[in-house]
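Working notes, structure below.
Since every read-out is calculated from the coordinates, none of them should be taken as a lab result. Keep in mind that this is a model prediction, so the values were computed, not measured. As a convention, Cβ positions derive from the backbone with ideal geometry for all residues, glycine included, and neighbour counts pool all protein chains shown.
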Amino acid sequence: MNLIVAVDENWNIGYKNDLLEKISADLKNFKRLTLNSTVIMGRNTFDSLPGKKALPKRINIVLSRDKNLHIPNVIICNTIQEALHKISDSDQDKVFVIGGETIYKHFLPYCEKAYITKIFNKYIADKKMINLDLLSEWKIIEKSEIFENDNGIKFQYITYKRL
């Protein structure tokens, strides 16, 4: 299983249920990596998606405590164990945890790879990601060049692997 997230220099990931920075190239990279895969997210992350609709050409799993929740084209799971059971027969390289903060925290122990977009900026945030640089079991295996978007925001794709 993988996780994918954009973080700032302090490993912040969001503010008021939105991304800290919308970088077109990063959104395209997210789509490229997760297409034809399974994505696992919390309810707030789902609600932040465009149109509050399932991501196309992906199996969407949403974790929610609401046992009566029904969302078209989405598999609702009420527990982490239920979600893990749903993906147990899946190719784990094609499963991506996509947020938010609590979901990353709960699924990190099950992830083998992390696709991090490091944004070279600091933002006001109310959601964080665990800093993988501080965890000895995670190692950087690949770094892209540093890119810059039209707004002058620099970012880099960094892939981590669990040792």
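Identify which of the listed values of Rg/Rh (Cα atoms, Kirkwood Rh) was calculated from the structure shown: (1) 1.35; (2) 0.94; (3) 1.06.
Read-out from the structure maps to (2).
Could you pull out which residues in the stretch 97-131 have an amide N less than 19 Å from a spot 7 Å beyond the Cα of residue 21, following the Cα-Cβ vector?
Residues 115-131 fall inside that zone.
Straight-line reach from residue 128: which aspartates and glutamates fall under 20 Å, measuring Cα to Cα and dropping same-chain residues less than 8 apart?
Straight-distance partners of residue 128: 8, 9, 18, 21, 26, 47, 101, 112, 137.
Nearest 10 degrees is fine. How inclined is helix 24-34 to the longest principal axis of the chain, computing both from alpha carbons?
40 degrees
Quick one: dipole size for the stretch 66-163, taken about the Cα centre, charges +1 on Lys/Arg Cβ and -1 on Asp/Glu Cβ, in debye to the nearest 20. Don't skip to the answer; put the middle values down first.
Values: 14 positive and 14 negative charges, 48 e Å.
Rounded to the nearest 20 debye, it is 240 debye.
Among 40, 160, 2, whose Cα lies farthest out toward the positive end of the dipole of the chain, if unit charges sit on the beta carbon of Lys, Arg (+1) and Asp, Glu (-1)?
After comparing all options, I get 40.
Between 111, 131, 146, whose Cα lies farthest towards the positive end of the dipole of the stretch 70-157 when Lys and Arg beta carbons carry +1 and Asp and Glu beta carbons carry -1, centred on the Cα centre?
Checked the options; the winner is 131.
With a Förster radius of 25 Å, plug the Cβ-Cβ distance of residue 82 and residue 105 into 1/(1 + (r/R0)^6) and report the FRET value to the nearest 0.05. Mind dumping the intermediate values first?
On the way: r = 17 Å, r/R0 = 0.69.
Using R0 = 25 Å, I get an efficiency of 0.90.
From the phi angles alone, apply the Karplus equation (6.51, -1.76, 1.60; θ = phi - 60°) to the stretch 13-20 and give each ³J(HN,Hα) in whole Hz, x where the residue is Gly or Pro.
10, x, 8, 6, 6, 9, 5, 6
Using R₀ = 25 Å, calculate the FRET efficiency as 1/(1 + (r/R₀)^6) where r is the Cβ-Cβ separation of residue 9 and residue 139; round to 0.05. Before the final figure, lay out the partial values.
On the way: r = 20 Å, r/R0 = 0.80.
So the FRET efficiency works out to roughly 0.80.
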